[in-house]
Structure formats: C-alpha cells, structure tokens
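S.K.: Below: one structure in structure tokens.
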Amino acid sequence: MDEEYDVIVLGTGLKECILSGLLSVDGLKVLHMDQNDYYGGESTSLNLNQLWKRFRGSDDKPPESLGTSKQYNVDMIPKFIIANGNLVRILIHTDVTKYLNFKAVDGSFVYNKGKIYKVPANDVEALKSPLMGLFEKRRARKFFIYVQDYEENDPKSHEGLDLTKVTAREIISKYGLEDDTIDFIGHALALHLDDNYLDQPALDFVKRMKLYAESLARFQGGSPYIYPMYGLGELPQAFARLSAVYGGTYMLNKPECKVEFDADGKAIGVTSEGETAKCKKIVCDPSYLPNKVQKVGKVARAICIMSHPIPHTSDSHSVQLILPQKQLGRKSDMYLFCCSYSHNVAPSGKYIAFVSTEAETDKPEVELKPGIDLLGSVEEIFYDTYDRYVPTNDSEVDHCFISTSYDATTHFETTVDDVIAMYSKITGKTLDLSVDLSAASAAADEK
C-alpha cells in the first residue's frame, strides 16, 4: 500500500464508483478503498436475509412464504435511470454498458386529486389523458407541441421567446395552463423537486420535458426509464471492473480508513491497518470525513414486499409514481418505486415497493401513509430514515472531494448532477457526454 496515487477514493457507493471509473479512464492512478466488505456503501443491494438482519435484528428470520433469500436484490437507494439522461451517457462514454443488461420500466404515473394517472408526455397523450378536461387538454396539447418543436439552435422554433430570460411561469401562463396541469408537468415530467423552477429561466424546464419525451420514445415502452436486471447493485461493481481494467486498485474491508493531512490542512494520504497510501486528492462519501460535512435534511422511507403490482398502474411490474407536494399539502414530493421478478430483484410473483420523501416530521409511519395507502395489501414493511449531508469544505484548500448524500427521488438525475460537478472540480475539465445514445439501445431492446 505504500505507493503514491493521483486519487484515493473512499467508499464504493454509486457516486464514488462512477468517479473512480471516470478518473481511471482519464489515465489517473486510482486506489479505491472501502471499510465495508461489500460493494455499494449506502447504495448497496441486499438479499432477503441481509434485509431482515438490517431492519429486524439477527434473531428474527424471514417467513418461508417470501421465497428464497438469494432471489432478492433489494436496492437500498432505488432509482430508475432516464433512458436518454446523463447516467446513460456516462455508461456509454465509459463502455460500462458491456457489463450490464437493462430492461425498460413499465410505467410512469402521477398522483392527482386522490387518483393515479399515467403521465402524459406528448401532444397525443395529452389529448387522451383523463387528467385534464376537454379545454385544458387542448391548451396542454399546444404547449406540448411547442416543447416538442423547440430547438435551442433554431430561433424559428422559439416563437419569439428567449428561454434564457423568460421564466417557466411566464411560458406556462402564455398557454393558460391550470395549476393541476402545471403540478404534474413540473414534478412528474420535468422532475423538479419543488416549485422554485417556476421563477427561473424556462430553458432548463423545457429541456427536462424534452428529455422525458425523447426518453419515452426511445424504447416505445410505458415510461422513459430503464433499470438493470438484478437491480442497481450491479452498477458499482461494473464501474469497479472498469476502473480495474484501466489499472485502478480496489481494497474492500479496510477498517478505519483515516485521511492524513499536512500542516496546511491538505490531504496527503490514507492510513489503514498501520499502512499509509499517499495521494494528491481524496474522493469520498460523507461518512469518511464527518467533520467536513453538515446535515441538511433527512429521508424517510418504507420498504415493502408485496405479491401484486401497485393498484391502478395498469398491472405494471416496474413503475415510478410521483405524488407532488401540493397534492399532499407538503413541502416536498413523495415518490413510489416498484420493481419485481421481471427485473430479477425478487422471486416470481413478488414485488418490492419503496415509498420515500424528504422527512418533515419524526414519524415516518404517519408521514409516508399517503404513499403506503396506494400500495394495497403489503406482506412486510420496513421503515427507515437516514440523514442527508452536504460538504462544507473548500476542496481547493484541502483537496478533499466529498459527495452529497442521496436524496429521496426515485430517479437518477440529481445523483448524476453531483457526479458531473465533482468530476469538474477534481479534474478542472468538463465531462464530455456527447455520445451516440443508440450505443446502449441494443442491450435494452433485446431484453
């Protein structure tokens, strides 16, 4: 271990593994360590026995009616991947797609006035959707056509609107859309976390809508999302393989990884079991440098095992359902994620559902009830909360690059934004994500 590395990465969570892969591909000498004896950190995947041990203690055993333990791959941070999004671009850019098999996700739904609806993503779907009345459908259709035809580099498609200056609220009011329509478009389609986007320049909002619609069209499925067979636990391992191919070194089960600093407070290495590896930069999750992060919130979630799909989701075997904050009288959205044996994350006939949200109280059972009530009968339920941290350090001074904790969303967009921002800080370069998206389509189409 007494070598010098360009970067030492601590923790094998998804963000750390993606960065380790990207930095290795760039030709940097990377050492990747984890104090756990398994891949994935917070974003690991558990079988049924591990799930039981974590939430029920070691004395309790899962009932036999749930099936074999090893047929379960329950992701602790479940997130669907938007088909044309930046994570797919990173997978293609690094050629990690060859280690993974993806399958399209069946459905994307939104909760509105007490009912569940498919998210309409284009002008045709807007006209069919029971979410809106007749006149609203026509207004929404016109808005969707404007978004579909909008091209950043073609002023003719802008209809006289400069989206770098006009706010999302102004563009929406031009089309006269109702509050409930704005709610599902902003939260379930553009995937904004709150309503602050309404007073920001509209370009990002329109781009997000286009990304959703183009991703939906990509696999002709019922949603714009894809998900790996056997769950997300495959992703960190795929990036670990990538890093190893490019000369990266991996060490699991390294206790008490202690970051060493020089007199100026700059990170110079990591000590574990009496040996120190030197480095120029440290990349890690918040657990490795607790004095350089601050708590900014908490995620509440329920993990449920069921024998049926979520009701009113067209019998979808895999589905995302977003409950916008306004519909629940909350400050943050609630997310439902469901996956099943069709993605090999549970035995035949079993479904894994997650209900998650940014915690606003200390009572997850009460707070998550609106989402849990939509699931129908549940065989087992585990409640969990975890704190969210963000870095407070100046990475230019201490050369430590710390990821933010995972949020409550059930899609990958915020996670990948953090990875891309960290990559730029670490390398001083912008990550080039101009790839041929069709390179990943065959894998998804075949499955």
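The values are calculated or read from the model by the stated rules, or taken from the named source; none is laboratory data. Note that the structure is a prediction, hence the values are computed from the model and not measured. Don't worry about glycine lacking a Cβ; one is built from the backbone with ideal geometry, like all the others, and counts go over all protein chains shown.
S.K.: Quick one: which residue in Ala140, Ala121 is aliphatic (A, V, I, L, M), touching a strand residue (DSSP E or B) at 6+ places or on another chain (Cβ under 9 Å), under 17 Å from Tyr175 (Cα atoms) and buried (at least 22 other Cβ atoms within 10 Å of the Cβ)?
M.R.: Step by step, each of Ala140, Ala121 is checked, and only Ala121 is aliphatic (A, V, I, L, M), touching a strand residue (DSSP E or B) at 6+ places or on another chain (Cβ under 9 Å), under 17 Å from Tyr175 (Cα atoms) and buried (at least 22 other Cβ atoms within 10 Å of the Cβ).
S.K.: List the helices (runs of 4 or more DSSP H) inside the range 103-179, counting only whole elements, that have at least 2 residues being modelled with pLDDT of 95 or more and of a type outside the set (Ser, Thr, Tyr).
M.R.: 134-149, 168-174
S.K.: Restricting to the range 319-346, what's the tally of residues that are in a loop (DSSP other than H, G, I, E, B) and under 16 Å from Ile303 (Cβ atoms)?
M.R.: Qualifying residue count for the region: 2.
S.K.: Can you name the residue in the range 73-118 that is more than 21 Å from Ala188 (Cα to Cα) and hydrophobic (A, V, I, L, M, F, W, C) and is also surrounded by the most Cβ atoms within 10 Å (Cβ to Cβ) among such residues?
M.R.: Leu91
S.K.: Could I ask something else about it? Is it the case that Ala359 is among the aliphatic types (A, V, I, L, M), outside the structural domain of Leu189 (by TED's automatic domain parsing), in contact with a helix residue (DSSP H, G or I) (Cβ under 9 Å, 6 or more places away or on another chain) and within 23 Å of Pro309 (Cβ to Cβ)?
M.R.: The answer is no for Ala359.
S.K.: Taking the stated definitions as given, is Ile18 within 29 Å of Asp436 (Cβ to Cβ), assigned by TED's automatic domain parsing to the domain that holds Ala300 and aliphatic (A, V, I, L, M)?
M.R.: no
S.K.: Take the conditions outside the structural domain of Asp26 (by TED's automatic domain parsing), basic (Lys, Arg), assigned to a strand (DSSP E or B) and in contact (Cβ under 8 Å) with a residue 12 or more places away in the chain and apply them to Arg208. Does it pass?
M.R.: No: the conditions fail for Arg208.
S.K.: Say whether the condition of being touching an Asp or Glu at 6+ places or on another chain (Cβ under 7 Å) and without any contact (Cβ under 8 Å) to a residue 60 or more places away in the chain is met by at least one residue in the range 158-165.
M.R.: no
S.K.: What number of residues within the range 373-401 are over 21 Å from Gly297 (Cβ atoms) and of a type outside the set (A, V, I, L, M, F, W, C)?
M.R.: The qualifying residues number 10.
S.K.: In the range 27-43, which residues are part of a loop (DSSP other than H, G, I, E, B) and either in contact with a strand residue (DSSP E or B) (Cβ under 8 Å, 6 or more places away or on another chain) or closer than 20 Å to Thr271 by Cβ (or both)?
M.R.: Residues satisfying the conditions are Leu28, Lys29, Asp34, Gln35, Asn36, Asp37.
S.K.: Then there is this: Show the residue pairs that are 6+ apart or on different chains and have beta-carbon atoms under 9 Å apart, the first residue being within the range 99-114 and outside the structural domain of Val319 (by TED's automatic domain parsing) and over 19 Å from Ser316 (Cα atoms), the second being β-branched (Val, Ile, Thr) and not in a strand (DSSP E or B).
M.R.: Every condition considered, no pair remains.
S.K.: Kindly evaluate Asn84 against the criterion of being farther than 26 Å from Lys350 by Cβ, in the same structural domain as Asn101 (by TED's automatic domain parsing) and part of a loop (DSSP other than H, G, I, E, B). Working first, answer last.
M.R.: Details: farther than 26 Å from Lys350 by Cβ: yes; in the same structural domain as Asn101 (by TED's automatic domain parsing): yes; part of a loop (DSSP other than H, G, I, E, B): yes.
Against the criterion (farther than 26 Å from Lys350 by Cβ, in the same structural domain as Asn101 (by TED's automatic domain parsing) and part of a loop (DSSP other than H, G, I, E, B)), Asn84 qualifies.
S.K.: Within the range 393-420, take every residue that is small (Gly, Ala, Ser) and in a loop (DSSP other than H, G, I, E, B) and give me the one that is nearest to Val105 (Cα to Cα). If you could, list the steps in order and put the result at the bottom.
M.R.: Taking the range 393-420 as the starting set, the residues that turn out to be small (Gly, Ala, Ser) are 395, 403, 405, 408.
Going one step further and asking which of them are in a loop (DSSP other than H, G, I, E, B), we end up with 403, 405, 408.
On the way: Ser403: 28, Ser405: 25, Ala408: 19 Å.
Result: Ala408.
S.K.: Here's a follow-up. Quick one: which of Leu211, Leu193 is surrounded by fewer than 19 Cβ atoms within 10 Å (Cβ to Cβ), of a type in the set (A, V, I, L, M, F, W, C), within 23 Å of Ile226 (Cβ to Cβ) and under 20 Å from the mean Cα position of the chain (by Cα)?
M.R.: Just a single option satisfies the conditions, and that option is Leu193.
S.K.: Taking the stated definitions as given, is Ser316 touching a residue at least 12 places away in the same chain (Cβ under 8 Å), in contact with a Gly (Cβ under 8 Å, 6 or more places away or on another chain) and buried (at least 19 other Cβ atoms within 10 Å of the Cβ)?
M.R.: Considered against the rule, which asks whether it is touching a residue at least 12 places away in the same chain (Cβ under 8 Å), in contact with a Gly (Cβ under 8 Å, 6 or more places away or on another chain) and buried (at least 19 other Cβ atoms within 10 Å of the Cβ), Ser316 comes out as yes.
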